[in-house]
Amino acid sequence: MQKFDHFVGRFGGVSSVAFLTYLGEYMSFIVVLAFLSDKLTVTFGLGLYGFGLIGTISGAYLVVSGLIAIPIGHLCDMYGRRLFTILGSLLGAIALFSLVGLDALPGLLGFAIGIGAALTMLGVGHGTYTASTLAYTGDVAVNNGVGKPYGLVEGAEFAAFAFGPALGGVVAFEFGRIPTFLVSGSLLLVAVLISAFFMPEARNLLPMQTAANDPANNSAKSHSHSASWRDFASSLRDSVVGVTVLTTFVASLSFSAFFFYVPLYAYTLRGSIPVLAFLYPAFASLMAGTGVVSMIPLGHIEDATRRRMPVLVAGLLTGAASLGFVFFSPSLLSFIAASIVFGVSLAMVRVSQLVILAERSRLESRAAIMGTNHAVEHAAYGTGAIVGGVFVALFGLANTFRNLALVLLIAGIGFLVFALRKKLQ
């Protein structure tokens, strides 16, 4: 019990911030898209052209929120994690509150500028608090086992990402769009307070002990060293770090494919499998929920076994198999089984990636590495959404994802060969 209280004391603050920031952001995101649809297609009379603008705006948001994490990671390596967690949460709150007044902006140009500015600010906030909280977790955990902490924090983010849109939809349906934005912004303000009072700057916690025990920092440098882009580039030259970041792209691409298109595929089969007309949205939630509940136990297993890369590779191969299984043999049972298996495989990959990156990065460049990893993740989300949509339009759902499953399987085998050649644990 004492160990549990100690664990919660060290990581309760950062995991709460991770959950609240993602929950507030994604509660409003689906509502913003619906708001955009109404304004552009109806109010401003753009018709189908409005959907093209919606895709462009939402895609730009994903790109900004990913790419900004790279320079922000570098900055919070220099000036501390808590400062940028507070700053990112505050920017996100301001962006969400600003959505309340967009109806008052005159004309299409004024509205486009307003919504663009709000979503850009939200994207900057997202990249800022994501890079800083992930780096903070690694700083505090690196001498005490990093699997469980990253399982907790990643699980908190993923739970909010997966279920936030549904919660936002319920709130918007019951109370309206503006209360949804106000509630979302308030959640990020709570995250600001938690960051300030329950996330003591990690580099102030036993700095000499951390430096001496950090396996990726054999020279035990003083934490007063300011990170440089050379430190960042040097970390990425580590082939294990580079390959791990590459697995982030592959895993995020497969997640995007499953989350958006498997329920859509289930919906298209409602004629032959009538129950899917009601259950099709549940598969994404089942996948996400399985991933969330699997992350902390998997982190504990990785701490106990010290196995990282084998778990990551196994997760990639299992995910590819489950994605392909749905499209080769569609049925209610196969959708349920694939959702559960894919959720577990995703947890295996995500936790392993963060543990490897935390253990192989130095304190001075950890946030920059985490920021880059986050940028790659969002690039994959954008790629999956855009390319997946184009390929589905050209070749159909089943053919597109049978081929994607094959690509993921080949990628998993390639990473397995790399792990065996490097003799990675």
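The values are calculated or read from the model by the stated rules, or taken from the named source; none is laboratory data. Nothing here was measured: the structure is a model prediction, and the numbers come from that model. Glycine also receives a Cβ, built like all others from the backbone with ideal geometry; neighbour counts cover every protein chain displayed.
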Filter the stretch 318-341 for residues that are at pLDDT 85 or above and hydroxyl-bearing (Ser, Thr, Tyr); the one that is farthest from ALA251 (Cα to Cα) is SER331
When GLU25 is run through (1) modelled with pLDDT under 80; (2) acidic (Asp, Glu); (3) surrounded by 16 or more Cβ atoms within 10 Å (Cβ to Cβ), the failure sits at (1)
The condition of being in contact (Cβ under 8 Å) with a residue 12 or more places away in the chain and within 22 Å of MET348 (Cα to Cα) holds, among LEU312, LEU269, LEU279, only for LEU312
Of all helices (runs of 4 or more DSSP H) fully inside the stretch 116-230, the set with 1 or more residues that are farther than 19 Å from LEU99 by Cα and modelled with pLDDT of 80 or more is 147-175, 177-198
Pairing a residue in the stretch 94-120 that is closer than 25 Å to LEU187 by Cα with any residue that is surrounded by fewer than 17 Cβ atoms within 10 Å (Cβ to Cβ) and at pLDDT 85 or above, where Cβ atoms lie under 6 Å and the two sit 6 or more apart in sequence or on different chains, gives VAL100/ILE178
Review point. Got at least one residue in the stretch 376-383 being under 30 Å from TYR265 (Cα atoms), acidic (Asp, Glu) and part of a helix (DSSP H, G or I)?
Key: yes
Listed by first then second residue, the pairs whose first member lies in the stretch 81-92 and is closer than 17 Å to MET370 by Cα, whose partner is outside any helix (DSSP H, G or I) and aliphatic (A, V, I, L, M), with beta carbons under 6 Å and at least 6 positions apart or on separate chains, are ARG82/MET199
Would a scan of the stretch 278-294 turn up a residue that is at pLDDT 80 or above, within 20 Å of the chain's Cα centre (by Cα) and under 19 Å from GLY73 (Cβ atoms)? no
When restricted to ILE68, ILE30, ILE86, ILE72, the only residue β-branched (Val, Ile, Thr) and modelled with pLDDT under 75 is ILE30
>> Given the condition at pLDDT 80 or above, assigned by TED's automatic domain parsing to the domain that holds TYR26 and surrounded by fewer than 23 Cβ atoms within 10 Å (Cβ to Cβ), answer yes or no: does some residue in the stretch 47-64 qualify?
In response: no
When the stretch 265-302 is checked residue by residue, the ones that are part of a helix (DSSP H, G or I), more than 19 Å from GLY315 (Cα to Cα) and either of a type in the set (Val, Ile, Thr) or outside the structural domain of PHE401 (by TED's automatic domain parsing) (or both) are THR268
When (1) closer than 30 Å to ILE273 by Cα; (2) in contact (Cβ under 8 Å) with a residue 60 or more places away in the chain are applied to LEU354, the one that fails is (1)
Listed by first then second residue, the pairs whose first member lies in the stretch 23-34 and is free of Cβ contacts under 8 Å to residues at least 60 places away in the same chain, whose partner is surrounded by fewer than 22 Cβ atoms within 10 Å (Cβ to Cβ), with beta carbons under 8 Å and at least 6 positions apart or on separate chains, are LEU33/ILE54; LEU33/SER58
Verdict on LEU298 being in contact with a Ser or Thr (Cβ under 7 Å, 6 or more places away or on another chain), crowded, with 16+ Cβ neighbours inside 10 Å, under 23 Å from ALA159 (Cα atoms) and not charged (D, E, K, R) | no
